[in-house]
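Everything on this sheet refers to the single structure shown next.
The values are calculated or read from the model by the stated rules, or taken from the named source; none is laboratory data. Values in this document were obtained by computation on a predicted structure and should not be read as measured data. Cβ: placed from backbone, ideal geometry, glycine included. Neighbour counts: every protein chain shown. The protein model used for the area step is the full one, side chains on, heavy atoms only, and it has no ligands, DNA or RNA in it. Shrake-Rupley method; radii C 1.70, N 1.55, O 1.52, S 1.80 Å.
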Amino acid sequence: MRLAKHAGLFGLAASNLVRYSHKTIALFLPLCLAMTLASAMTFVKDGLKKDALLSTTNLPDITLQRLLGGRLERLKEESLSKVSTLPGIARLIPRVWGYFPLEIGGKPFVYTLVGIHPGLQDPKIMGLCVAYGRFLKPGDGNEAVIGSALARSLGVHVGESIVLKDALGNAYAFRVVGLFATSVQIYATDMLVTTIGAARDFLGYGNGEMSDALVYLEEAGLQDLVAKAILSVDPGFRVLTRDTLTDATKQAYSSRAGVFSLVWLVLLLTAALVAWAQLSSISLEQRKEVGILRSVGWGIGDIIELKLFESLIVGVMATASGLFLGAGYLLLGAPLIKGYFIGWSSVFPEFPLPAYAAPESVALLFFTGVFPLVFASVVPSWVASSVEVDQCLRG
Amino acid sequence: MNAKPAIILEGVSKTYSIAKKEVNALMNVTLEVSPGRCCMLVGPSGSGKTTLLNLAALLTRPSAGRVVLFGKDTNSLGEYGLDRLRRQFIGVVFQAFNLLGGLNVLDNVTLPLVPRGMGPKERKEAGMATLERLGLGGFAALRAEQLSGGEQQRVAIARALVGDPSLMIADEPTSNLDEENVLAILEILAKLKEEGKTLLLSSHDARVLECGLADTVVRLKNGALQSFAAKG
């Protein structure tokens, strides 16, 4: 009997939405539009965050850099001798990396070059995945594995060579032996990984010089202790633990990121406007309807439940449609606003937007889309219901 | 008659505040209606007929005095209690019909059954039975606003009847209707009385007065009870 009552109220709520179709559409459209934008932004944010966090999962326990006057300086092999003997350190691997410009189709792009010790570094440990060809192996010289965006830009395939300008402006040839998979977009798509020797030659590093050193510990829990020990040995080091880098990445893609905060602000304002529109439109017609319903035996609770169902149906439908449209918009490549999503696109090659719908984000979107509407329709109905029926009927 | 009165209005007054002015719509009215009887309120416009009906239908509360319905003193009841009593005992027919536009006739008629927890099939059966009884079976799927005034009035009566109330309150049920529709409505009201329902009506239509439906006629003027006449 109770279920039949709720079902009856739900059915009537649905037919009310059809009865007041103009009002329903006026509520549905702005909410759907706001949720489309918000969900597209959120899915991209979640995708970027997921991608970025994926790239941090395989970071070394500690990354060591040299600071001079607050700026990054090249590390020298001899400065690591004391560090390598500290207890808790399992391995210490030098790494050379830098950027190189490339003009493609008249547009300047910047790519990343990383030099590694092929024997010491496994691509899986580095969070890289080779889709075609192979990874670097001991004995390689100017061999390179490149990201999909770089390969696409240059139109190269495995087995072909690419010629780039080195730090001194001379031509330097790399032989492409592998291509990275596209799953790790941010991390690998613009990357060229080669041997540390080739990287030093290309970037103009001297022998024994490196950009940073990767420290692997015997136990991950020792990060803070070892970091302190390194700084006590040489305070000129910049010591970055994996936890610090992961936190920084999370924050960069969290709600603190300006553009996302802005979109959420717009969304909240829209929801508030919709709520305001609801609140101000309760006046005559709906007030009278409340009076009629109460005069035929409806209780205040029944009317509130009816309004709750009405706003729930509109809110859920608008939010769900917004989510689907947002996802569809991303599938189309987010025309018009892609540039806002990837602010670094002027220096980064073209790559498809990563998108991911985190369950907590979907829940938050639903809450944001539905709750203000429910609140905005239930409260005035409750207010209208609590005045005398006669007064409601008079409007 | 030994049975408890269906309605007791005891020294009832109602004051409205309109544009910061106090307007006395009803002043110190005392009235009793026994179960199964028909009480007719007559009087000119603004005499307080609708206010009295609204008080009896529990649509508003008295400013003074008390309203007792089927032995229940309604002054002591909260909104929840009034809603329950209304649902249990009362069917109301408004002068302006007050049907919900956009809903079809059947949905309008079955509105009172929704909070009673009846399933859709039961609601439909009860609604159709009431419509058939009032000769409106063929109108079920039409929207309320597609009907004539007389048909809308009959739909409003059907809505008031569908929950099988003990007390039927109708405000000017025949106003603005043609002869044929007035007769149809009067016939329905007479049948309801035969079935033992208590009727409280207001009208300034001489035909309603002359048809002999009312057991008592209460004349109101300027919010006060002017005369009371009982049949027989």
Would you check which residues across the stretch B:166-180 are surrounded by fewer than 19 Cβ atoms within 10 Å (Cβ to Cβ) and either over 13 Å from the mean Cα position of the chain (by Cα) or over 25 Å from B:I8 (Cα atoms) (or both) and list them?
-> B:S175, B:N176, B:D178, B:E179, B:E180
Would you mind telling me which numbered condition in (1) open to solvent by less than 40 Å² (accessible area, probe 1.4 Å); (2) more than 15 Å from A:A213 (Cβ to Cβ) A:G70 fails?
-> (1)
Could you list, in sequence order, all residues of the stretch B:148-165 that are open to solvent by 10 Å² or more (accessible area, probe 1.4 Å) and either more than 28 Å from B:L58 (Cβ to Cβ) or away from chain A (no Cβ under 13 Å) (or both)?
-> B:S148, B:G149, B:E151, B:Q152, B:R154
So which pairs qualify, if the first residue must be in the stretch B:13-41 and within 13 Å of B:T198 (Cβ to Cβ), the second must be part of a loop (DSSP other than H, G, I, E, B) and open to solvent by 60 Å² or more (accessible area, probe 1.4 Å), the Cβ gap must be under 7 Å, and the two must be at least 6 apart or on different chains?
-> B:S34/B:M1
Filtered residues of the stretch B:91-144 (kept if over 21 Å from the mean Cα position of the chain (by Cα), part of a loop (DSSP other than H, G, I, E, B) and either within 11 Å of chain A (Cβ to nearest Cβ) or at positive phi (or both)) = B:G102, B:L103, B:G117, B:M118, B:G119
Of the residues that make up the stretch B:67-87, is at least one touching a residue at least 40 places away in the same chain (Cβ under 8 Å), within 14 Å of another protein chain (Cβ to nearest Cβ) and not hydrophobic (A, V, I, L, M, F, W, C)?
-> yes
Yes/no for B:L177 being out of contact with any strand residue (DSSP E or B) (no Cβ under 6 Å at 6 or more places or on another chain) and outside any helix (DSSP H, G or I) | yes
Only one of (1) modelled with pLDDT under 75; (2) open to solvent by 40 Å² or more (accessible area, probe 1.4 Å) fails for A:L353. Which number is that?
-> (2)
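Looking only at helices (runs of 4 or more DSSP H) that fall completely inside the stretch A:213-298, which ones have 1 or more residues that are outside the structural domain of A:I116 (by TED's automatic domain parsing), at pLDDT 90 or above and touching a Leu at 6+ places or on another chain (Cβ under 8 Å)? Before you say what the answer is, go through the steps one by one.
Values: elements: A:223-233, A:242-252, A:258-280, A:284-295.
In the stretch A:213-298, the matching helices (runs of 4 or more DSSP H) lie at A:223-233, A:284-295.
Could you name every one of the helices (runs of 4 or more DSSP H) located completely within the stretch A:1-111 that has at least 3 residues being more than 26 Å from A:E219 (Cβ to Cβ), within 14 Å of chain B (Cβ to nearest Cβ) and at pLDDT below 90? Quick ask: steps written out before the conclusion?
On the way: elements: A:2-19, A:21-57, A:81-84.
Helices (runs of 4 or more DSSP H) meeting the threshold: A:2-19, A:21-57.
Go over the candidates B:P44, B:P5, B:P35 one by one and state the one that is of a type outside the set (D, E), buried (at least 16 other Cβ atoms within 10 Å of the Cβ), in contact with a Lys or Arg (Cβ under 8 Å, 6 or more places away or on another chain) and not in a strand (DSSP E or B).
On the way: B:P44 fails: buried (at least 16 other Cβ atoms within 10 Å of the Cβ); B:P5 fails: in contact with a Lys or Arg (Cβ under 8 Å, 6 or more places away or on another chain).
Only one candidate passes the filter, namely B:P35.
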Determine, yes or no, whether B:L59 is within 20 Å of B:P173 (Cβ to Cβ), without any contact (Cβ under 8 Å) to a residue 60 or more places away in the chain and not polar (S, T, N, Q).
-> yes
When every residue in the stretch A:183-197 that is out of contact with any Phe, Trp or Tyr (no Cβ under 7 Å at 6 or more places or on another chain) and modelled with pLDDT of 90 or more is compared, the one nearest to A:K50 (Cα to Cα) is A:V193
What number of residues within the stretch A:153-165 are surrounded by fewer than 17 Cβ atoms within 10 Å (Cβ to Cβ) and in contact (Cβ under 8 Å) with a residue 60 or more places away in the chain?
-> 1
Touching a helix residue (DSSP H, G or I) at 6+ places or on another chain (Cβ under 6 Å), closer than 17 Å to B:Q95 by Cβ and surrounded by fewer than 16 Cβ atoms within 10 Å (Cβ to Cβ) - does that describe any residue in the stretch B:185-203?
-> no
Residue ID - nearest to the chain's Cα centre (by Cα), chosen from residues in the stretch A:297-314 that are facing chain B (nearest Cβ under 7 Å) and open to solvent by less than 20 Å² (accessible area, probe 1.4 Å) | A:D302
All but one of (1) aromatic (F, W, Y); (2) buried (at least 16 other Cβ atoms within 10 Å of the Cβ); (3) in a helix (DSSP H, G or I) hold for B:Y80; which doesn't?
-> (2)
Being touching a Pro at 6+ places or on another chain (Cβ under 9 Å) and either of a type in the set (K, R) or surrounded by 15 or more Cβ atoms within 10 Å (Cβ to Cβ) (or both) narrows A:L92, A:L80, A:L59, A:L128 down to just A:L80
With the condition kept exactly as written, say whether any residue in the stretch A:96-114 is in contact with a Gly (Cβ under 8 Å, 6 or more places away or on another chain), touching a residue at least 12 places away in the same chain (Cβ under 8 Å) and over 28 Å from A:G333 (Cα atoms).
-> yes
Hey, any hits in the stretch A:172-179 for a residue that's within 27 Å of the chain's Cα centre (by Cα), in a helix (DSSP H, G or I) and crowded, with 20+ Cβ neighbours inside 10 Å?
-> no
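So that you can scan it fast, the table gives a plain yes or no per residue for (1) touching a strand residue (DSSP E or B) at 6+ places or on another chain (Cβ under 9 Å); (2) under 21 Å from A:V239 (Cβ atoms); (3) open to solvent by less than 50 Å² (accessible area, probe 1.4 Å); (4) of a type in the set (S, T, N, Q):
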| site | (1), (2), (3), (4) |
| --- | --- |
| A:V96 | yes, yes, yes, no |
| A:P101 | yes, no, no, no |
| A:V114 | yes, yes, yes, no |
| A:K124 | no, no, no, no |
Selection status of B:L213, surrounded by fewer than 21 Cβ atoms within 10 Å (Cβ to Cβ) and of a type in the set (A, V, I, L, M) | yes
Does any residue in the stretch A:358-386 that is in a helix (DSSP H, G or I) come within less than 6 Å, Cβ to Cβ, of a residue that is of a type in the set (D, E, K, R) six or more places away or on a different chain, and which pairs are these?
-> A:S361/A:D46; A:S377/A:K307; A:V378/A:K307; A:S381/A:K307; A:A384/A:R287
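Take the conditions farther than 25 Å from B:L59 by Cα and exposed (fewer than 15 other Cβ atoms within 10 Å of the Cβ) and apply them to B:E125. Does it pass? I'd like the intermediate steps shown before the answer.
Working: farther than 25 Å from B:L59 by Cα: yes; exposed (fewer than 15 other Cβ atoms within 10 Å of the Cβ): yes.
So B:E125 fits the description; yes.
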